[in-house]
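Provided herewith is a single structure, encoded as structure tokens, for subsequent inquiry.
The values are calculated or read from the model by the stated rules, or taken from the named source; none is laboratory data. Fair warning: this is a prediction, and the values are worked out from it, not measured in the lab. Using ideal geometry, Cβ is built from the backbone for each residue, glycine included, and neighbour counts are taken over all protein chains shown.
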Amino acid sequence: MTALSLDTTKSVHSCKKQSVSHGLKLQTHPTKSSHIKMESTTSAVLSAVTGTVAMTAAYAYAQRDWLKDQWLAFISPAIYNFLKGTTREQRALKYLKEHARQGDPDSVLETFDEFCRTQEWAMNAAEEKGDILDEIVRELQPTTCLELGTYCGYSAVRIARNLSPSARLITIEVNPDYAAVAREVVKLAGLQDKIEVINLDSADVIRELKTKYDVTKLDLVFLDHWKYLYIRDIKLIEEEKLLKKGSVVFADNVIIPGAPGYLEYIRGSKNYKSTFYSVHFEYMDDMKDGVEKSVYIGDE
């Protein structure tokens, strides 16, 4: 795990985007050769796509023991869920209820990790990422936390278990099925008094944090929802003046799937002092990802 401090006062060199236009020039009366070219191009594209999917699945199957005969789940979770009659999130919850100790957050997290390593992969802020998140919470001792992207509640439990008795976490999940599972996971961990799971769009909740949820300032913001929404929501949080000096914004998956627009914005702003951590992608020893910790140093 490598930490790299970034001077946000310096300008950020943005990558030049190269746009390539691909198109076919169609004639009113296509010739035989144009048909052949079109068929050849279509065949090449289909072959490339099929080959990529096949190689990806084969690589994953060969590299990850926990995939076993579940390569179909890697290619198409929807098909796998249809065959199973349940969703991955429901299967994870069932596993937790069968193996984790009621009212024990550590047991819930350990059991979830076990599920992801031995049964099915899930995108949790685990392992190295979780260690960094734990350290932030312990050092910061936040009283009001906001998480964008609850998923199944893993990171919510991870954050809340280290909060003081009077602190709280508001976590937002737009997917109703995920939110329902998350509430059950939070209840299983015995942290329902500290965690409020809200099933709404993040932007709508952010706008109402002061008026509806009795929030004045946020000590910790954890970004872990759709990556393209990172920049929209951090700007909205700023507009609502929800940050104070020392507030921490922690962003997951800034490399995989990636949030280049967010990184350019946060690193280029004089209002933040940012640190990038190179970490492994959750539950994958051979894949690298990154997380970004940004401390707010601007005006309140």
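E120 fails exactly one of the following numbered conditions: (1) more than 13 Å from F250 (Cβ to Cβ); (2) in contact (Cβ under 8 Å) with a residue 40 or more places away in the chain; (3) among the charged types (D, E, K, R); (4) part of a helix (DSSP H, G or I). What is the number of that condition?
Answer for E120: the failing condition is (4).
Based on what the data block shows, is R91 exposed (fewer than 14 other Cβ atoms within 10 Å of the Cβ), part of a helix (DSSP H, G or I) and either at pLDDT 95 or above or touching a His at 6+ places or on another chain (Cβ under 6 Å) (or both)? Give the steps one after another, and end with the answer.
On the way: exposed (fewer than 14 other Cβ atoms within 10 Å of the Cβ): no; part of a helix (DSSP H, G or I): yes; either at pLDDT 95 or above or touching a His at 6+ places or on another chain (Cβ under 6 Å) (or both): yes.
Taking the combined requirement at face value, the residue does not satisfy it.
Is there a residue in segment 254-270 that is surrounded by 15 or more Cβ atoms within 10 Å (Cβ to Cβ), polar (S, T, N, Q) and more than 18 Å from L133 (Cα to Cα)?
yes
Same structure, new question: What's the total number of residues in segment 188-222 that are closer than 14 Å to E173 by Cα, out of contact with any His (no Cβ under 8 Å at 6 or more places or on another chain) and assigned to a helix (DSSP H, G or I)?
4
Being in contact with a Gly (Cβ under 6 Å, 6 or more places away or on another chain), modelled with pLDDT of 95 or more and not in a helix (DSSP H, G or I): is that true of S247 here? Talk me through it step by step, then tell me what you get.
Numbers: in contact with a Gly (Cβ under 6 Å, 6 or more places away or on another chain): no; modelled with pLDDT of 95 or more: yes; not in a helix (DSSP H, G or I): yes.
No.
I255 is checked against (1) part of a helix (DSSP H, G or I); (2) closer than 19 Å to V157 by Cα and fails just one. What number does that condition carry?
(2)
Shifting gears a bit: Name the residue that is farthest from the chain's Cα centre (by Cα), counting only residues in segment 255-300 that are farther than 15 Å from A126 by Cα and hydrophobic (A, V, I, L, M, F, W, C).
I297
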